[in-house]
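Structure first, commentary second.
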Amino acid sequence: MRDLKVIICGKLYDGIHAELQENKRILIQNGKILEVSENTEMPETAEEIDLSHLTVTPGMIDAHMHMDYLDWRRIRAEVYETSEEMKTLAILRCAQKALARGFTSVRHMGNINGVGYGIVDVRNAIDKGLFHGARIIAAPLSLCAPGSHGDASQSYAGNPRAAALLQSMKPVCGTGRDFFTNAVREQVKYGADFIKIMATGGFFTPNDTPLQKQMNDEELEAVIRTAHELGTTVTAHVYAPDMMRTMLEMGIDGCEHGSLMDEETAELFVEKGAYLVPTFCPYDEAVHYDPEKLKDKQPEFRAKLELYKDRLIAGRKVIVGSKIKLGYGTDFVANHQNYDSGWEYDAWLRSGMDPFRTLQAATKINAEILGIDAFTGTIEAGKNADISAWGRDLLHDSKALLDCAFVMKDGISYPTEKSEDL
């Protein structure tokens, strides 16, 4: 039998059952899982991979990444100081480092820095085997309105001519139903796997608020309807509960952040079967209040975290206690490097989230959100051999996902790295 491998597990979390299973072996052939069993025999021709000292899991998935920057501490400077070519290289570097940290698939949530389509080229090159790296599901550009959270030129609002020039460079920044209908069609044309919109303001941008409505109902409806007509899905950057409810009633597939969640909105998520990727970590200095760490944030980000601290704490509590379908995503643009996805695990566990719910969010649920659950997200027969393993205690050590000991994607093993901040 060609390319036959057997992984000997210490403990196994398969992405399906809320337990760590003992005495399991995984039989792999040609990049696919053939069998998961206690009784798997070791064929003489098989390569033995002894992970009996580790906890084996499906390859982790980060459902909210911005991959097109090199260093979060210079992210605003990089917007205009680095070329689209360099931003494309940053995407490839991020994909490779994410894989080395045990994240075999990632979802790119629109360029932070660039207006190009390098993410599509990197995604396709990795899929063709030209480079190694995490599998990428991508929305190249986030659809947004002038002056919104997605409009990087708002930082230059004091110089209207400069701001107008910079705004004109972003082809998906505009106004009106027809504009957004066309923007969806163009994003799909240029290779988007899904559509991302900026529905409200945010914390990181200087001149808006997280409660500010930044697309009107006609524009929102046009995006959601057009995307669904084209057979793709829509998610939204959103904080305000009323805006989440509006989009849920329109049939949006999911939302990102949702940090100011309330009980009524959480119940509507469950009723509609929509997902939420809550991205806890970027707001942790406010939720687990730490004024010293807040000093590391950009001034406007710090000020908003202080202002909305109590609502962020209340929203976190609602999300943790809810039955919403939760995905695991990081959104690292202001506190960690984009490939250091294990820090979100720390945020979930310290917020009181059950570790098995967190692990399932980062595996099975995220595979469903990304639309790749037919071949990854769980360890079971027929799935791709996307497998990670960890030396730390996943159930009690909140930093366990920062220290990957083994990673395999499509049956091929790669070198690992642990977080630079450990």
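The values are calculated or read from the model by the stated rules, or taken from the named source; none is laboratory data. Please read all numbers here as calculations on a predicted model, not as lab measurements. Here Cβ is always computed from backbone atoms with ideal geometry, including for glycine, and neighbour counts include all displayed protein chains.
Checking Thr200 against (1) crowded, with 16+ Cβ neighbours inside 10 Å; (2) free of Cβ contacts under 8 Å to residues at least 40 places away in the same chain; (3) not hydrophobic (A, V, I, L, M, F, W, C): exactly one of these is not met. Which one? Every listed condition holds for Thr200 apart from (2).
For every residue, the table says whether it meets (1) part of a loop (DSSP other than H, G, I, E, B); (2) among the charged types (D, E, K, R).
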{"residue": "Asp208", "(1), (2)": "yes, yes"}
{"residue": "Thr226", "(1), (2)": "no, no"}
{"residue": "Gly231", "(1), (2)": "yes, no"}
{"residue": "Ala236", "(1), (2)": "no, no"}
{"residue": "Arg245", "(1), (2)": "no, yes"}
{"residue": "Ile252", "(1), (2)": "yes, no"}
{"residue": "Met261", "(1), (2)": "yes, no"}
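Residues that are surrounded by fewer than 24 Cβ atoms within 10 Å (Cβ to Cβ), of a type in the set (Lys, Arg) and under 18 Å from the mean Cα position of the chain (by Cα) do not occur anywhere in the range 365-384. Per the listing Gly352, Gly342, the residue uniquely assigned by TED's automatic domain parsing to the domain that holds Ala100, modelled with pLDDT of 95 or more and within 16 Å of the chain's Cα centre (by Cα) is Gly342. When the range 153-168 is limited to residues that are under 13 Å from Asn207 (Cα atoms) and of a type in the set (Ser, Thr, Tyr), the one that is surrounded by the most Cβ atoms within 10 Å (Cβ to Cβ) turns out to be Ser153. Being under 19 Å from the mean Cα position of the chain (by Cα) and at pLDDT below 95 is a property that Phe204 has. Taking residues in the range 244-257 that are touching a residue at least 60 places away in the same chain (Cβ under 8 Å), and partners anywhere that are of a type in the set (Phe, Trp, Tyr) and not in a strand (DSSP E or B), the pairs with Cβ atoms closer than 7 Å and at least 6 places apart or on different chains are His257/Tyr239.
Counting only strands (runs of 3 or more DSSP E) wholly contained in the range 329-422, the ones carrying 1 or more residues that are under 30 Å from Thr235 (Cα atoms) and charged (D, E, K, R) occupy 404-409.
Does Ile137 satisfy being in contact with a helix residue (DSSP H, G or I) (Cβ under 9 Å, 6 or more places away or on another chain) and in contact (Cβ under 8 Å) with a residue 40 or more places away in the chain? Walk me through it before giving the result.
On the way: in contact with a helix residue (DSSP H, G or I) (Cβ under 9 Å, 6 or more places away or on another chain): yes; in contact (Cβ under 8 Å) with a residue 40 or more places away in the chain: yes.
Here the answer is yes, as Ile137 does meet what is asked.
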